[in-house]
Structures are given as C-alpha cells and as structure tokens.
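FYI, it's all coordinate maths here, none of it is from the lab. What you see is a predicted model, and the numbers here were worked out from it, not measured in a lab. With ideal geometry, Cβ positions are generated from the backbone for all residues, glycine too; neighbour counts draw on all protein chains shown.
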Amino acid sequence: MSNLNEDYPAADATMATTQTTAPAEEKPKAEPRPALSMFDAIAVIVGVVVGAGIFRTPSLVAANVESGTMFLTTWVLGGLVSLIGALCYAELTTTFPHAGGDYHFLTRAFGKKLAFLFAWARMSVIQTGSIALLSFIIGDYMAQIYSIGELSSVIYAALVVVLLTAINIVGVSFGTGVQRFLIILEVLGILFVLGAAFLFTPNEAAAVSNSGSGNGTSMGLAMVFVLLTFGGWNEAAYISAELKSGRRGMATALIASIAVITLIYLLINMAYLHVLGLKGMAASDAVAADLVRVTLGNTGMVLIGIIVTLAALTSANATILTGARTNYALGRDFPVFSFLGQWNTKASSPVNAYVVQGVVSLALVGLALFTRNGFETMVEYTAPVFWFFLLLVGIALFVLRRKEPERPRPFKVPLYPVLPFIFCLTSAYLFYSSLMYTGLGALVGIGVLVVGVLVLLALPTIEKSMKSRT
C-alpha cells in the first residue's frame, strides 16, 4: 500500500479526503460532517447492544452456572471485558476518526487487501446478517400479535428492512431522531419489566431457588452467551467522524455507553433471578415472557411482545445506520464499487450504500423460506466471521502503535499492552467457540468470505478492463 498519509490526507484532520492533485475545476467530493451529539452517539451504541438478546440469552447463562451470585458475576465480567474492548476502540477512533470505522483501521494496519475482505464480510455477512437476524425477531413477535398468513414472519421481517432503510436514506438527522425515540421507548419497556418483577411478584415466586440449575455448569460457555449479548459496542467506530464533540468525545461516548449497558443488564437479570430463580430461568425458553406471565398473567404477554419488538427495532435501526458506512468506505477505495462511495450532502448519508445493504439484507431474509430456524441460522452465519475480524482489529492496535508512533493520540489505552492483549485473547476465544458450537450456517458464512477472496483476486483484471473502456 502507498503512503497512508497520502491516501487519507484529510480524513485524519478535517475528514475531507479530496486529493490535492485534483484539477482545480473538479468539485470536491461530499464527505461526512459532524452532525451527531453525544446523546446521539450513546443512543446508537446502547441501541445496537441492548437488543432482543437480553430477552433470550439469560436462560442459557443460567443453565451454565452454579448459583445466583455466579450468574450475576458473569454479567459484571461481561461489562468489564466489554469496557476493555471499548478502551481499545477509544484509542483507535480518537486517533483515526473515519466513517469507515474498522475498515479504516485495518487498511492502515494491514493494507487495502485485508480491509477489502472485511468490507466484503460486513456487506455480505456481518452487518446484513445482523439486520436479517433482528428482523426475524421482530417478524416472529409481530406474527404472534397479528398473523397475515403462513409467511407472516418473513413478510414482517422484509417490511422492517425496507422501512428502516428508507428512514435512514432520508438523512442522518431523521435516522438518529428515530433512534432517540426508539431508545426512549426501549428504556420504558425495560422499566416496565423491572416494575413487574419488583412490584407485582406473587409471594410464591419470591421463594424460588437460586441454587444450581442441575444441568451441569460451564463458566466458559456462560461467558460466550454473555459476551454475545454485549456485542455491538464496536459499531461506534463508524460514527467517529460525525461526532460534534470531536475525537475525545468518542472515548467518553464509548465508556459511558458500556456503563449504561452493564447497569441495564444487571438490573434486568436481577429481576429475572428475583421472579424465576436460577432453575426457573434455566428451564425457560422465553425468560422475559415467563417473568411477565408470573407477575401480570396472560394480559402482559402482548406487552412483552411489543417490548421485545421495540428492542429489536432499536438495534436494527442502529445497525443499518452504522453498517452503510463501511460500504461507503469500500466505494472510496475501490473503483469497481465507486457507486457505494457517494455521499449525499443533502441527506448527510451514503444513500447508495444503504440501498445495497438493504438489498443484501432482504436476500438473507429470503433464506427463511428455505429454513425453519431463521434466527439460529443467522447467528451461525455471522458469528465466526465477526469474531475473526474483531480479533484482527485488536491486533491492529498493536501494529499501528509500532507503525505510526508519532501519530497524536488524544486517548491511549491504559495499562498497554495488557488490556489490548486481553481484548485479543477474548476475541480469539469467541472465534473458536463460534466455530465449535455452530453448524451449517457458520460454513455458509465462511464460504461467502471465500467468495470475497476470489473477487479480490479478480479485482486487478476487472479494474484494468474498466480503465481500458474509459
């Protein structure tokens, strides 16, 4: 790769990447501008992380621990591990703010070829798979509230992708406004669950056992589920160039978000434990629904469905908002995908990148027509590829410290290199676990990544053909 300071001369200073050698009459390309407040950034991060997972995974964690104390401890540890990762990202995002996020970090550390594979993975596996996964959750709950036929879940999921993509295409202000509204509704929903748990618990429920679940214990497996539930805070990297408070503000947004998320998770898991006990949680397939059924009866079941839907909508909207930024960065670096690198100044968003992301997400939703377990398939499809690249981002921190030591770093990871090493070790373990505990979906996701390798190998020929035509 050529000199990185020439490739990104203004992305690091003012985020205007117009080449100095461009002809005087050429109009500068539209670029991301600071448009997000600190609250917007925190709303996006919290919205991505606190999704429907907290209403599904606690029962899996409970089945793998010995006591209620150990159960709550796993969630505290999950917050600490996530905080370590957030500190690593705080250094990267404040040192190299860019709409490309992880893509930009990997480019600077390892070159454009590896970064291309990451962008390909985001566009075809990681982000689009997450959008489809969250849409399936919404579709499943909406189908229970109001069925429109055998394919209700798939139809609702597709409508969610189209609607949220359209909202974000309208503009970043509208998209983040919707995100603020959704996060407020989500918090109100969580408060409803907490109120039901602590104010309306029947006497017989208060006496439930918090001793071992009897299913055997595996602290390591429990932590896998906990950290999967904490996943998503790294999406902050994709809005680092659009934060009004500047580089230092991103570190504050990341740390504050992890603190808020950990508090939310602790409170809601204390509520589950209080009402259902450890054994009751371990035996539950829908822990939040069971909590509401015990406390409020069947009248609360529709409400919990709405709450879970709101949580998934919040995460889906934030995921769509951040996901298109990688496609935008890919389009800026590779002529074949140049249509993705167009920034709409009026909307302050990468419209083409949103459209492509939406089309791929719809294609993945369509896979539900051929599988009965859309949610589980998407988890398997995305997890190994996600943790592999998150590990590479952790390694990139070490590489960039050595490669660009003179670079001003408004925020540095404390206790370096210990904390970044823990972050890399955790990501490596989850990459291994996602391969060991998943099935066919993981192989399909890896297969799509291999297709990206083939596209990368063919790029020189394709670009040469494009130049000859012009």
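Here are some notes:
- Residue ranges 292-298, 116-122, 429-435, 54-60 sort as 116-122, 54-60, 429-435, 292-298 when ordered by packing (mean number of other C-beta atoms within 10 Å per residue, highest first).
- Given Lys113/Lys467; Lys403/Lys467; Lys113/Lys346; Lys112/Lys464; Lys346/Lys464; Lys244/Lys346, the pairs whose alpha carbons are separated by over 23 Å: Lys403/Lys467; Lys113/Lys346; Lys346/Lys464
- Scaled radius of gyration (Cα, divided by 2.2 N^0.38 Å) that segment 218-366 gives: 1.35
- Label-point gap, in nm, between Leu159 and Ile184 - each point 7 angstrom along Cα→Cβ: 2.5
- Computed from the alpha carbon positions, the gyration tensor of segment 134-186 leads to an equivalent ellipsoid with semi-axes of 24, 13, 7 Å, biggest first.
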